[in-house]
Every structure is written in structure tokens, then in C-alpha cells.
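Just below is one structure, and these are the notes that go with it.
Here, each number is a calculation from the coordinates, and none is a lab measurement. Bear in mind the structure is a predicted one, so any value in this text is a computation, not a measurement. When we count neighbours, we look across all protein chains shown, and the Cβ atoms used for this are built from the backbone with ideal geometry, even at glycine.
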Amino acid sequence: MRDRDRFAWKRDRIYNKILPKKKEIIVRKVKESMNTNTITGIMIPFLGTAAGAAGVFFLKDGIHPLAQKLLLGFASGVMVAASVWSLLIPAMDMSEPMGNLAFFPAAAGFLLGIFFLFLMDHLVPHLHLDQKEPEGPKKSLARSTMLILAVTMHNIPEGMAVGVVYAGVLAGNQDVSAAGAIALSAGIAIQNFPEGAIISMPLLGTGMKKGKAFLYGMLSGIVEPAGAFLMILFASALTPFLPYFLSFAAGAMIYVVVEELIPESSQGKHSNAGTIGFAAGFVIMMILDVALG
């Protein structure tokens, strides 16, 4: 067979047999995974962001600094509690057959999550609240764009966390329950509510109209269901590495809390408000996870 004929044969085989078969497998996996409960679960956090972003239509004078620090602290408490009860503890429970090394998947995944967000922090240009100088590489981006990028970075690990927990549920893992997955989604949605308001309100200060500020604030949370969907799509492949992915999401969320949320909530006046908010968020998420999980 000549080289040209051999190439044509391989090309036709790929187009007519291999690609359609792979497409059919992917579509079947999506249909199997995307049941009503799963779709609802991965969309709950996004709805929390959208509800918070709608604050631009009701809050005329913006968020009071005291309330902002309470909300930032609250979000921190929810994320820390979710990282411990919904991610790290299940990861260690799954690794019990490793005996004395049962800590390894949780520790390794946690550190990888920290390192991943550390890289994102240095590679993506973004701007935090109440700061004039952006972080990351120097780019000529609008202030509003960099504010959105900052919140989007926060939402990536949260979407992964929800997705990997639902991946465990779909895989039939006994250490992850459907009720626990709903508890995690609800907890992240609760902390996304203030986060949506905190990102959309400053956009008004850049001269943006309310409708556009709401849209951008809402879209900053779209990476959560998108990330969760990808985790669920590859649920069967993730099963052997589930402890690593759970702890990876935990590490990424803890990085956001320690690097950004807690410092922002403790700066200037009303610093105690952040601590009170943290305690409230931690307790509420702990109750949700224990009661539902």
C-alpha cells in the first residue's frame, strides 16, 4: 500500500470509526452522570453567586465596611470547615487501607492544591478589594476585569470540590454520601452569596451600569459548575485518585482563605468582625456537613 493510500485509510478510519465511537462514549457518560440531583447540586453554588451579585439592584450605597468584613470572615469559615469535614477527612478515610501511610494522599493532594493556587496567583493578573496595585504579571487590563479574575480564581477550587465529591457519589464510594455532597454545595452557595455581592458592588465604582455589573458578578461564578461538570465527566477515571483530588481542592481553598480572605477581613477598622464572621461560617458549615452527611 502506497504512503498516500495508507494515510487516506487511517484518516477515514479515524473519522468514520474511532471519533464517532469516542463521541458516543462521552455522550453516554454525560447522560449517565447528569441526573437531576447531580445537576441541582453543581448549580447550587452558582445560584448563590448570582443571588449575591443581584445586590447591585438593592444596595444603593454599597456594602458597609463592617458588613464586608463580616461577610469575608463568614466565607473564610465556610471554606475552612468544608475543606476539613467534606474533603480532608473523607480523603483520609478512603486511604485507611494504606495503614500508617493513610495520611499521604491527603497531605500530597493538599500541598499540590496550595502550589496550584500559588502558581495561579503569580501567573494570572488580578486585583483584590481595597488594593490599588494588581498582582500577577503586568497587563494593561481594566480594573473591573482584574477584579473579576480575582474572584474567578477563588471559584475554581470550589467548583472542583463540588465536582469531585459528586464524582465520588456517582462512583459509589462509601466515604462520600449524596447528602454530604448537597451539604458541601449548600455551604459553598452560602459563602458565594456575599462573594457575589462583594464583586458586583465595586464594579459599579468603575462606572459600570447595574445590569452589566450583575452580569459580570454572576459570570464570575460560572467556572464552578463548569469545573464540577468536568470532574463528574471523568468520574470513573478519578475513582482511584479520589483522595488526592479531594485534598487538592481543600488545599486550593485554604490557600485562598489564608492568602486573601482573612487578610482582607482583618485590615483597618472592624477587624474583629471578620473573626466573628469566620466563627459563624465555620459552625454553620460544620453543622450542615454533620447533620446532612
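The string of couplings for the stretch 149-163 from the Karplus curve (6.51, -1.76, 1.60, θ = phi - 60°) is 4, 4, 6, 4, 4, 5, 7, 4, x, 5, x, 4, 4, 4, x Hz, one whole number per residue in order, with x for Gly and Pro. Here the Karplus relation 6.51 cos²θ - 1.76 cosθ + 1.60, evaluated at θ = phi - 60°, turns the backbone of the stretch 255-263 into coupling constants of 4, 4, 4, 6, 7, 10, 5, 5, x Hz, with x for every Gly and Pro. Between residue 234 and residue 111, the distance separating the two model label sites (each 7 Å from Cα on the Cα→Cβ line) works out to 2.2 nm. Charged neighbours of residue 156, selected by a Cβ distance under 12 Å, balance to -3 (K, R count +1; D, E count -1). Once the other residues with Cβ under 10 Å from the Cβ of residue 175 are scored (Lys, Arg +1; Asp, Glu -1), what is the net sum? Local charge sum for residue 175: -2. The mean sequence distance of close C-alpha pairs (under 8 Å, at least 6 residues apart), as a share of the length of the stretch 36-292, puts its relative contact order at 45 percent. Ranked for footprinting exposure by Cβ neighbours inside 10 Å, fewest first, 208, 253 give 208, 253. Counting Lys and Arg as +1 and Asp and Glu as -1 over every other residue whose Cβ lies under 12 Å from the Cβ of residue 44, the net charge comes to -2. Summary of packing: across the peptides 103-109, 151-157, 186-192, the per-residue average of other C-beta atoms within 10 Å ranks them, highest first, as 186-192, 151-157, 103-109.
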